[in-house]
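Beneath this line is the structure, given in structure tokens, with notes to follow.
The values are calculated or read from the model by the stated rules, or taken from the named source; none is laboratory data. These figures come from a predicted structure and were not determined experimentally. Cβ atoms come from the backbone with ideal geometry, glycine included; neighbour counts cover every protein chain shown.
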Amino acid sequence: MMSCAATGSTSSSSNAGDSSAASHSRSADKRGGEKKGEGTAALVDTKKYRPTFPAAPKGGAEPVAPAVPTNHVGPQVSLLLDSVAQVNKNIKYAAGYRILAYTGIERKTAMDLRNSIVARLPEEKDYLTYKQPTYQLKIGDFFTRVEAQTALNKIQDLLPNALLVQETINIPK
């Protein structure tokens, strides 16, 4: 017969009562609280190990002075941060979105549409490209699709068929 699983050992005995009494005393010894004849486990007081914090001041919140840093950036770390900043300044392109406003063969239509879009979105840059025989007009340099969609919503009545396209964009300086 198997004894209690908490003890992690097996024993065989012909008397089941003796086996359970032995396993009960072994598990009580592991807990460290129960001694022979007590019947219940003694509790250990852990209050002395808990951290204590000062009470909050009464009558309102007082402004607390900001913490002063104790570990300052060393010269080596500063040098590394400067080199990373210099490398980041040299990055000119990123993956992003543009609004594809027009694709067609008529230059006059593309230019008229470009002028009306620039009037509505003067802060956005436009890109008019020509690959024989097609003109493409793309608007903006947007890092996220959400930014591109908000700009598209402003010109939706001019361009009901405009699309958002993923493209390599210029990083504005």
Inset, instruction - Scan the range 146-157 and report the pairs whose first residue is in the same structural domain as residue 120 (by TED's automatic domain parsing) and whose second residue is surrounded by 12 or more Cβ atoms within 10 Å (Cβ to Cβ) and in a helix (DSSP H, G or I), with Cβ atoms within less than 9 Å and a gap of 6+ or a chain change. - result: 154/120; 155/116; 155/117; 155/120
Inset, instruction - Kindly indicate whether any position in the range 121-138 is touching a residue at least 24 places away in the same chain (Cβ under 8 Å), surrounded by fewer than 17 Cβ atoms within 10 Å (Cβ to Cβ) and assigned to a helix (DSSP H, G or I). - result: no
Inset, instruction - Might you let me know whether the range 160-170 holds any residue that is over 25 Å from the mean Cα position of the chain (by Cα) and exposed (fewer than 10 other Cβ atoms within 10 Å of the Cβ)? - result: yes
Legend entry - Which numbered condition residue 154 fails, given (1) among the basic types (Lys, Arg); (2) farther than 28 Å from residue 89 by Cα; (3) surrounded by 16 or more Cβ atoms within 10 Å (Cβ to Cβ): (3)
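Do we have residue 109 as touching a Ser or Thr at 6+ places or on another chain (Cβ under 7 Å), of a type in the set (Val, Ile, Thr) and more than 18 Å from residue 169 (Cβ to Cβ) here?
Details: touching a Ser or Thr at 6+ places or on another chain (Cβ under 7 Å): no; of a type in the set (Val, Ile, Thr): yes; more than 18 Å from residue 169 (Cβ to Cβ): yes.
Criteria not met by residue 109.
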Inset, instruction - Determine whether residue 103 is part of a helix (DSSP H, G or I) and among the β-branched types (Val, Ile, Thr). - result: no
